[in-house]
Amino acid sequence: MSSSDPRIETFDATDGTPLLSATSDEAEADRKLYDGLRRVADSFPLSVWLIATIELCERFAYFGIIGPLQNYIQNSGNNFSRTGGIGLGQAYATTVNQIFMLWCFITPIIGAIVAEQNIGRVKTIVYSSTVYGCGLATLFLSSLPFARDNSIGTGGIKTNVSSLIAEQYIGPKEAIMSSRLFTMFFLYINMGSLAALVSTIIEQKYGFSAAFALPTTVFLVGLIILLASKDQYISRAPDNSIITKACQATWIAVKNKFSLDHARPTYQAEEVSTETPPWDDIFIDDLRCALSACKVFLLYPFYWAAYSQLSTNFVSQAATMETHGIPNDVMTSIDPVVALILLPILDRFIYPLLRSLGASVRHIDRMALGFLFCGISMLYASFLQRTIYAAPPCYDRPRSVDCMGGKAPNRVSVFLQIPSYVLVAISEVLASVAGIEYAYTKAPQSMKSLIMAVYLSTVSAGALIAVTVSPLTVDPKLTWMYVVLGIETLLAGAILWVAAV
């Protein structure tokens, strides 16, 4: 890839480059290659389906744990009106959940470095899966709220599976296939997310040990598939110097007013009179693309801070409402169900229709729309929380032990939560799919796992933001917590879109 390629974006801080260039990869492909032609996808090789199945098992395990976790930590085991285990309260349970999420999504950086520099993606996934399985077994046997071994394993898998699955298809329709492939991949993720529905029902009927046993078993099935098929995957060989070279070149750019041109071998030889650096101009062009992609991800933590409420405070909110015999944490399953419905509709009908009308479906547009729907969801949740506080019998102290012994919910139906989950699901199929697709397509071949890890680490940054507002996760302040999260998500989406126009 040469520096004259119009798709390459600059990193110089002084040149006023927008977050995304006006000419996106998708628009370029539409205009130059596929204008007026019907987009026809090729078939996926077997390795793609195997990797997607492994990811489904991993997501089933993850959400099978996350589903009951808020109730397990928040409620006590002797509470006959709500299932529970430890009884540490909503604020503590939310903080523990966010820290668990932070650890799960910061470890991808470690997984990316190990994969890119040392042992490759397939071996990293195998070893991480083994650690993951040990963590799940520990959780099941001990019934502890979470195990750190489990979250370490998550990081080694997530950062490499999405890159590995994209490497399995190499052909003339690769540009067309990337969008279809990541849509299919996300479908499998959401199928795994339905584990929360199953595990919460098991939790209510048979207890938390049984609820944790199911995801452990499913994950072991995925691990067996991985070990049996690990020699069938296409995987780029690791380069033990790629991270070192990237850090060295970036440091040179930082010392020279963030100009990567100063890191080019030609400049170093002519102007600095030092020995030739261990990279070429193509490497600098690749690094420029990678750093440009990372600028977009700076705004994603605000999105994930709001999105994380789905498995924490939304669950607690449902517990203060009339659930009509339904487990309060089963409501989280609305999100993957809606996503499973919307993803094929968007992929098969909406996006092709827009392209046939000459409209370019840019990553940035999908991201900004996703932020918009997520922000609206938080504002609706704040309205619903206000409605709960206005309802008898406990008003702004729902489930308080001082009000009917904490046994009676406020008289608001839990089904009023449905719009919150639907809006979050719409945001997810837009912003999350666009983000992971953008991370892969913008990253140079040698840095795909690393850039994917940077994208996933924004979830951890979002968890940190959510922790900062945790003092508001107590009654009667919850309304303001949702307002804060809603406004910051809307502002982040607006900045993302305006900066790219």
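The values are calculated or read from the model by the stated rules, or taken from the named source; none is laboratory data. None of the values given here were measured: they were computed from a predicted structure. We place every Cβ from the backbone using ideal geometry, glycine too, and count neighbours over all the protein chains shown.
Within the stretch 298-332, being small (Gly, Ala, Ser) and at pLDDT below 90 holds for 311, 325.
Residue selection: residue 88 satisfies the criterion of being modelled with pLDDT of 60 or more, touching a helix residue (DSSP H, G or I) at 6+ places or on another chain (Cβ under 9 Å) and not in a helix (DSSP H, G or I). Can you find a residue that is more than 16 Å from the chain's Cα centre (by Cα), closer than 28 Å to residue 457 by Cα and either modelled with pLDDT under 90 or aliphatic (A, V, I, L, M) (or both) anywhere in the stretch 265-272? Among the residues of the stretch 265-272, not one is more than 16 Å from the chain's Cα centre (by Cα), closer than 28 Å to residue 457 by Cα and either modelled with pLDDT under 90 or aliphatic (A, V, I, L, M) (or both), which makes the answer no. The set of residues in the stretch 457-501 that are in contact (Cβ under 8 Å) with a residue 24 or more places away in the chain and not in a helix (DSSP H, G or I) comprises 469, 473, 474, 475, 476, 501. State whether the residues of the stretch 137-153 include one that is modelled with pLDDT of 75 or more and not β-branched (Val, Ile, Thr). Scanning the stretch 137-153 turns up at least one residue that is modelled with pLDDT of 75 or more and not β-branched (Val, Ile, Thr). Close Cβ contacts (under 9 Å, 6 or more residues apart or on different chains) running from residues in the stretch 193-218 that are at positive phi to residues that are among the hydroxyl-bearing types (Ser, Thr, Tyr) comprise 207/83; 207/143. Those helices (runs of 4 or more DSSP H) of the stretch 269-345 in which at least 1 residues are among the charged types (D, E, K, R), within 29 Å of residue 75 (Cβ to Cβ) and out of contact with any Gly (no Cβ under 6 Å at 6 or more places or on another chain), considering only elements entirely within it, cover 334-345. Number of residues in the stretch 348-371 that are part of a loop (DSSP other than H, G, I, E, B) and hydroxyl-bearing (Ser, Thr, Tyr): the value is 1.
Residue-wise test of (1) surrounded by fewer than 18 Cβ atoms within 10 Å (Cβ to Cβ); (2) assigned to a helix (DSSP H, G or I); (3) in contact with a Lys or Arg (Cβ under 8 Å, 6 or more places away or on another chain).
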{"position": "374", "(1), (2), (3)": "no, yes, no"}
{"position": "383", "(1), (2), (3)": "yes, yes, no"}
{"position": "394", "(1), (2), (3)": "no, no, no"}
{"position": "401", "(1), (2), (3)": "yes, no, no"}
{"position": "418", "(1), (2), (3)": "yes, yes, no"}
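One residue stands out in the stretch 205-223 among those that are under 23 Å from the mean Cα position of the chain (by Cα) and among the β-branched types (Val, Ile, Thr): the one that is modelled with the lowest pLDDT, namely 216. The residue that is surrounded by the most Cβ atoms within 10 Å (Cβ to Cβ), counting only those in the stretch 449-461 that are of a type in the set (A, V, I, L, M) and at pLDDT 80 or above, is 456. For the stretch 112-132, which residues satisfy the criterion of being at pLDDT 80 or above and of a type outside the set (S, T, N, Q)? Correct list: 122, 123, 125, 126, 127, 131, 132.
Checked against (1) in contact with a helix residue (DSSP H, G or I) (Cβ under 9 Å, 6 or more places away or on another chain); (2) over 22 Å from residue 475 (Cβ atoms), residue 412 meets all criteria but (2). If we scan the stretch 418-434, do we find a residue that is under 30 Å from residue 338 (Cα atoms), of a type outside the set (A, V, I, L, M, F, W, C) and in contact with a Leu (Cβ under 6 Å, 6 or more places away or on another chain)? For the stretch 418-434, residues under 30 Å from residue 338 (Cα atoms), of a type outside the set (A, V, I, L, M, F, W, C) and in contact with a Leu (Cβ under 6 Å, 6 or more places away or on another chain): absent. Against the criterion of being in contact with a Leu (Cβ under 6 Å, 6 or more places away or on another chain), surrounded by fewer than 24 Cβ atoms within 10 Å (Cβ to Cβ) and assigned to a helix (DSSP H, G or I), residue 446 does not qualify.
State yes or no: is residue 409 in contact (Cβ under 8 Å) with a residue 24 or more places away in the chain and over 24 Å from residue 368 (Cβ atoms)? Against the criterion (in contact (Cβ under 8 Å) with a residue 24 or more places away in the chain and over 24 Å from residue 368 (Cβ atoms)), residue 409 qualifies.
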